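Q: Quick one: the structure is below, questions incoming.
The values are calculated or read from the model by the stated rules, or taken from the named source; none is laboratory data. Please read these numbers as outputs of a predicted model, since none were measured by experiment. Cβ placement follows ideal geometry from the backbone for every residue including glycine, while neighbour counts extend to all protein chains displayed. Just so you know, the surface numbers come from the protein's heavy atoms only, side chains and all, with ligands and any DNA or RNA stripped out. Shrake-Rupley method; radii C 1.70, N 1.55, O 1.52, S 1.80 Å.
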Amino acid sequence: MATSSSPSIAIPGQLLGPASKYQPGPGTHIHESNLYSSLLGVVHINQPAKAPGPAKRLNKILPVVPTELPTITVSRSGVSEKREALPEVGNTVLCRVIRITPRQAVVAILVCGDTVLEAEWQGLIRSQDVRATEKDKVKVYESFRPGDIVRAEVISLGDQANYYLSTARNELGVIMATSEAGNTMYPVSWKEYKDPETGFSEPRKVAKPN
Amino acid sequence: MADRRRINGPVGTTVAPIFEDDVAQESKEAPKSTRSRAPNAIRKMYLKTGVTPSASGSAYLEIETSAKGPVSGLKLTCTVHGPRSLPKSTPFSPHMILSAHVKYAPFATQQRRGYIRDQTERDLGTQLETALRGAIIADRWPKSGVDIIISIIEGDQDRATSKSQGDETWDMMNALSGCVTVASAALADAGIDCVDTVAAGVAALVQDGSADSSPTIVVDPIPSEHEKVLGACCIAYLPTRDEITNLWFKGNLPASEMDLYNQLVDRGIEASRSANQVLVECLGETIGGAASGQVS
């Protein structure tokens, strides 16, 4: 990622360039085929990453790929970390389980991507979103317990109060759990956590360590 | 024997306090202040962002006073809280919900204000919300709410004069223009997506001297500097888009003179452009100062 050597500053509404020359990144918007800044921050122009290795030999007819344009973004990163991020569909989030019911687990989203959220957003993991297989046999209390830290993916903005989350992937699930005795446990299989002191194991939807 | 369980009043007689201003007012007909600025010049203002560390974004605005006597400039602070999650009772919203509150401090004006927002303050809040809604890109922040809170620490102008003129609307217009400008700076500081920096300005049709002299249009009017304010308009304006987000017109103008209306709006835009220059410079300082501080 080559960043232009002289990042300049932008204020909301500042003209950044024509939309034919740049791709809009975060912190920008398009108005009448021109790119404008929508945030107060520093302008970064990221050149598109060149495809690694030698170009592939063309052996079939392909649609003309539009030439990659440099992406222009305006961000306050490095200047101020105050900017609040919002969970979006597709983001991986870290959350804490607040309460469980037979149909769903209610969680508080703490971290979205790499940013720690200032406000607390509520999320919901429904029983059919806990894992990808044997969905009808999922029991929420055998997958999560209140207090667990869960890595999940946002699948929908949800209703007025909750984001809908899913753990239906190997690398998603409980990443930190405490036993009923109050000890931090370690994962032993894809569905079990073990207490090192008492030796009892508890069922969880365990995230695959990476 | 005095009752020791109660808090007794003073034994002697008391006199209601007489303030110097009240005395001055009675012996008034003192030399009236007159406008010394050019008709198209706004008063000097001071704008600074990031004054409240606990808020997501904040700004402070001060407008100097050019009039003499018991007159003060405008001082206001704005804090922006959020974006944060909406309360559970609110229905699903695909965009950001904006709420603006404007409150005069109880000591802001010569006439004491209550602690609860009154009708004029609510009105200012509604107009501010309209002015800002046109500038922010609300659909980038689904399911979230932003609170914009403005406290007017020192109200504009000479309250006594405007009261004697029977209308405090002119003061409210000046206050609104300040509110819009300061809120715009605070929104940018909070990192909320905006299409442009919105700033507001006031233009007024005023009559100086005798009643049969021809009225003139001035920007950023101070009612106490003029014999009579015939009409005024407060405009919130996006300079790069060339769009008006809020227009507030008040006064008694002959309906036949469409030209006059257009001129007033044009001058209002002119005033908001001047205010926007200050805003742009302030935002440049915010980011420039922070960036250089980061490097060193």
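Q: Local charge sum around B:Asn40 (other residues, Cβ-Cβ under 9 Å, Lys/Arg +1, Asp/Glu -1)?
A: Result for the neighbourhood of B:Asn40: +1.
Q: Could you tell me which GluC sites (Glu not before Pro) in the range B:174-270 are loop residues by DSSP with no more than 11 other beta carbons within 10 angstrom of their beta carbon? Mind dumping the intermediate values first?
A: Values: sites: B:Glu225, B:Glu227, B:Glu243, B:Glu257, B:Glu270; in loops: B:Glu227, B:Glu257.
Loop-located and lightly packed - B:Glu257.
Q: Next up: Name the long-range amide H neighbours of A:Gly17: under 5 Å, sequence gap of 5 or more, or other chain; modelled H, no Pro or chain starts.
A: A:Leu35
Q: Average partner chain C-beta neighbours within 10 Å, per residue of A:27-38?
A: If you average over the peptide's residues, the count of other-chain Cβ atoms is 3.
Q: Take the solvent-accessible surface of the protein heavy atoms, probe 1.4 Å, and return the percent of it on the range A:81-203 that carbon and sulfur atoms account for. Don't skip to the answer; put the middle values down first.
A: Details: 3110 of 6520 Å².
That fraction is 48 percent.
Q: What is the range B:40-289's relative contact order, in percent, from Cα pairs under 8 angstrom and six or more apart in sequence?
A: Here the relative contact order equals 22 percent.
Q: Then there is this: Considering the alpha-carbon set of the range A:81-203 alone, what are its Rg and its Dmax in angstrom?
A: Rg, Dmax (Cα atoms, Å): 14.3, 44.
Q: Would you work out the charge dipole size for chain A about its Cα centre, treating the Cβ of every Lys and Arg as +1 and the Cβ of every Asp and Glu as -1, and quote it to the nearest 20 debye?
A: So the magnitude is around 700 debye.
Q: Mind listing the phi-derived Karplus ³J(HN,Hα) values for the range B:141-148, rounded to whole Hz, using 6.51, -1.76 and 1.60 with θ = phi - 60°, and x for any glycine or proline?
A: Here the 3J(HN,Hα) series is 10, x, 6, 10, x, 10, 9, 10 Hz.
Q: Compare the peptides A:15-27, B:135-147 by average per-residue count of other Cβ atoms within 10 angstrom and give them in order, highest first. Please list the in-between numbers first.
A: Values: A:15-27: 16.5, B:135-147: 19.9.
Order by mean packing, descending: B:135-147, A:15-27.
Q: While we're looking at this one, here's another question. Using the Cβ atoms and a cut-off under 13 Å, what net charge is assigned to the surroundings of B:Ala131, where Lys and Arg are +1 and Asp and Glu are -1?
A: Details: positive: B:Arg133; negative: B:Asp123, B:Glu129, B:Asp196, B:Glu243.
Charge balance in the 13 Å sphere: -3.
Q: While we're looking at this one, here's another question. Find the sum over both chains of the accessible area lost when A and B are paired, probe 1.4 Å, and report it in Å² to the nearest 100.
A: 2800
Q: While we're on this one: Could you give the radius of gyration (one decimal) and Dmax (whole number) of the Cα atoms in the range B:169-234, in Å?
A: Looking at the range B:169-234, its Cα Rg and Dmax stand at 15.4, 52 Å.
Q: Can you give the average number of partner chain beta-carbon atoms within 10 Å of each beta-carbon in peptide B:180-192, as a whole number? Walk me through the numbers on the way to the answer.
A: Working: counts 0, 0, 0, 0, 1, 1, 0, 2, 7, 4, 5, 13, 6.
Average per residue, whole number: 3.
Q: So what is the relative contact order for chain A, in percent, with contacts set as C-alpha pairs under 8 Å and at least six apart?
A: Relative contact order comes out at 14 percent.
Q: With a cap of 12 neighbouring Cβ atoms within 10 Å, and only residues DSSP puts in a loop, list the GluC sites (Glu not before Pro) found in the range A:159-206.
A: A:Glu180, A:Glu197
Q: Which value, in Å³ per residue, describes the convex hull spanned by the Cα atoms of chain A?
A: Convex hull volume per residue, Cα atoms: 210 Å³.
Q: Within 10 Å of each Cβ in peptide B:83-93, how many partner chain Cβ atoms are there on average? Round it to a whole number, please.
A: 4
Q: Here's something else I'd like to know. Among the listed pairs B:Lys143/B:Lys250; A:Lys139/A:Lys208; A:Lys191/B:Lys143; B:Lys103/B:Lys250; A:Lys135/B:Lys88, which are separated by more than 26 Å between their Cα atoms? Show your work: numbers first, answer last.
A: Working: B:Lys143/B:Lys250 37 Å; A:Lys139/A:Lys208 19 Å; A:Lys191/B:Lys143 34 Å; B:Lys103/B:Lys250 22 Å; A:Lys135/B:Lys88 29 Å.
The pairs that break the limit, which is 26 Å between Cα atoms, are B:Lys143/B:Lys250; A:Lys191/B:Lys143; A:Lys135/B:Lys88.
Q: At 4 °C and 1.567 mPa s, what whole-number value in µm²/s does Stokes-Einstein give for the translational diffusion of the range B:232-282, with Rh from the Kirkwood sum over Cα pairs?
A: Values: Rh = 11.7 Å.
Approximately 110 µm²/s, per Stokes-Einstein.
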